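Novice: My questions all concern the structure below.
The values are calculated or read from the model by the stated rules, or taken from the named source; none is laboratory data. Bear in mind that the values here come from a model prediction, so they are computed numbers and not experimental data. Positions of Cβ are generated from backbone atoms using ideal geometry, with glycine treated the same way; all protein chains shown enter the neighbour counts.
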């Protein structure tokens, strides 16, 4: 069946569906020439619903003529389906945070229909805040329209016998898709799987929470973000629910030009929440606005800058539970390496060994580490590791402490005009984060506003980093404020959010340049 899937050269921005349609016709022809293979295909598609959608799915795109086109899944959508299936098979809840217009609703409804076709007796609930969003006669944007269209265009060999009514599709094999809206979500009886669309915008979310907890084993919340003060956000940052992120940057139909156009059309708060997945988009005291962060992604290439300078690394220590360890490396102004891992079931010594191995692989001779709390043990662990390395004939790797709670560096100097550092910042952490804020602001001014900025005063984040999306979200959650003495202080975990370990590692390796000069001096003296 692979012939129906687009190749890696498929042009998502100017799609030519004719070869896809021709391939589907050829597949149907071969299939009908070998009807004895049909049971094998049914068994295959039951276990691989994404392949079935890719092979035979259709959808509406009102921006095109004709508007009905093959539903072709791109990699992020395939991964989204696998995420939902893993939750369904494991009978666990799941949460999907999404940017606007990445096809999450279309994919969810196509999957619901496919599961009902190949799994007799399942009931899939679909919830939305308004009935019109679920089922509105003839409205292509309504969820049940998407499901009925998917059924309508299926080949006869796979199209089931079914009956359709308002907010309900019942299949002859005993399966059903049932819609529930508003305060009625979760009141319609037990469901094998329940998908709540735009969950963060429900008008009575606590009522839905209570009802669904008793009627389904697997609830999937799908939504763009709507601040932190809702059950969707609390669930997202609880650490107890698996999370899948569907960002516009994973949509091959979109690029930076698309993003700039949306920024010019929509209010900043809408861009932040519905496109950038920024839970703090309209929060007072947000340290790094999402548009600054977006401007930094691939900034060096966009500005024609080839990063030069020294390499510096930052290691943020996670505990053995919910928090994770993170390691970041910069080359001059560019963040070139980022990795996180769980310390659960391990210990800090093993994580430090892992850091040394990363340094070896990247040719690094030193790294900074967060020396507060658990990190206080890293110096001793590093000494032990370096002793073993010396015995094995390996080079020395310097582990240098970074203590956020320490006093500011060069207290009588001025990082901000007309304010000495000791008058401006509560501690070294506030000073470092403000220095990072200045870099992001400079980058936005250079990339978006086309203003002259020093090439060494920006920050560029590699767009190919595997942990780019969680890094963006962690950077967005950091807030700042003033203490009683009027000094800048940093709040990194507002309203129960997770510890921003990736962002902390980045902040450590981008701490003010004077600290790196200190390190060079120490290494030179040694």
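Novice: Tell me which residues, restricted to the stretch 22-60, are within 14 Å of residue 113 (Cα to Cα) and touching a strand residue (DSSP E or B) at 6+ places or on another chain (Cβ under 8 Å).
Specialist: 57, 58, 59
Novice: Ok, one more. Could you tell me which numbered condition residue 138 fails, if it satisfies all but one of (1) surrounded by fewer than 15 Cβ atoms within 10 Å (Cβ to Cβ); (2) out of contact with any helix residue (DSSP H, G or I) (no Cβ under 6 Å at 6 or more places or on another chain); (3) part of a helix (DSSP H, G or I)?
Specialist: Checking residue 138 against (1) surrounded by fewer than 15 Cβ atoms within 10 Å (Cβ to Cβ); (2) out of contact with any helix residue (DSSP H, G or I) (no Cβ under 6 Å at 6 or more places or on another chain); (3) part of a helix (DSSP H, G or I), the one that fails is (3).
Novice: Look through 414, 410 and report the one residue that is farther than 23 Å from residue 314 by Cα and at pLDDT below 90.
Specialist: Working: 410 fails: farther than 23 Å from residue 314 by Cα.
Only one candidate qualifies: 414.
Novice: Is the stretch 303-320 home to any residue that is within 21 Å of the chain's Cα centre (by Cα), farther than 21 Å from residue 360 by Cβ and surrounded by 16 or more Cβ atoms within 10 Å (Cβ to Cβ)?
Specialist: Yes, the stretch 303-320 contains at least one residue that is within 21 Å of the chain's Cα centre (by Cα), farther than 21 Å from residue 360 by Cβ and surrounded by 16 or more Cβ atoms within 10 Å (Cβ to Cβ).
Novice: Out of the residues in the stretch 209-224 meeting the condition of being at pLDDT below 90 and either under 25 Å from the mean Cα position of the chain (by Cα) or farther than 19 Å from residue 131 by Cα (or both), tell me which one is surrounded by the fewest Cβ atoms within 10 Å (Cβ to Cβ). Break it down into steps so the answer makes sense when it comes.
Specialist: Kept after step one, since they are at pLDDT below 90, are these residues of the stretch 209-224: 209-217.
Next, only the ones that are either under 25 Å from the mean Cα position of the chain (by Cα) or farther than 19 Å from residue 131 by Cα (or both) stay: 209-210, 213-217.
Numbers: 209: 18, 210: 11, 213: 12, 214: 8, 215: 18, 216: 22, 217: 16.
Among those residues, the one meeting the criterion is 214.
Novice: Does the stretch 236-257 contain at least one residue that is under 21 Å from residue 288 (Cβ atoms), exposed (fewer than 15 other Cβ atoms within 10 Å of the Cβ) and over 16 Å from the mean Cα position of the chain (by Cα)?
Specialist: Checked against the condition, which is being under 21 Å from residue 288 (Cβ atoms), exposed (fewer than 15 other Cβ atoms within 10 Å of the Cβ) and over 16 Å from the mean Cα position of the chain (by Cα), the stretch 236-257 yields no hits at all.
Novice: Would a scan of the stretch 237-258 turn up a residue that is at pLDDT 90 or above, over 19 Å from residue 102 (Cα atoms) and in contact with a strand residue (DSSP E or B) (Cβ under 6 Å, 6 or more places away or on another chain)?
Specialist: Yes, the stretch 237-258 has at least one match.
Novice: Right, something else. May I ask you to verify whether residue 171 is in contact with a helix residue (DSSP H, G or I) (Cβ under 7 Å, 6 or more places away or on another chain), farther than 26 Å from residue 207 by Cβ and at pLDDT 95 or above? Step through it out loud before you land on a result.
Specialist: Values: in contact with a helix residue (DSSP H, G or I) (Cβ under 7 Å, 6 or more places away or on another chain): yes; farther than 26 Å from residue 207 by Cβ: yes; at pLDDT 95 or above: yes.
In short, yes.
Novice: Next up: If we only count helices (runs of 4 or more DSSP H) wholly inside the stretch 406-498, which ones have 3 or more residues that are within 26 Å of residue 304 (Cβ to Cβ) and in contact (Cβ under 8 Å) with a residue 24 or more places away in the chain?
Specialist: Details: elements: 421-424, 428-447, 468-477.
So the answer is 428-447, 468-477.
Novice: Give the residues of the stretch 406-439 that are more than 30 Å from residue 297 (Cα to Cα) and crowded, with 19+ Cβ neighbours inside 10 Å, sorted by residue number.
Specialist: We begin by selecting, within the stretch 406-439, every residue more than 30 Å from residue 297 (Cα to Cα); these are 406-407, 410-413, 418-420, 422-423.
Matches in the stretch 406-439: none.
Novice: Would you mind stating whether residue 204 is farther than 30 Å from residue 162 by Cα, modelled with pLDDT under 80 and over 24 Å from the mean Cα position of the chain (by Cα)? Quick ask: steps written out before the conclusion?
Specialist: Working: farther than 30 Å from residue 162 by Cα: yes; modelled with pLDDT under 80: yes; over 24 Å from the mean Cα position of the chain (by Cα): yes.
Against the criterion (farther than 30 Å from residue 162 by Cα, modelled with pLDDT under 80 and over 24 Å from the mean Cα position of the chain (by Cα)), residue 204 qualifies.
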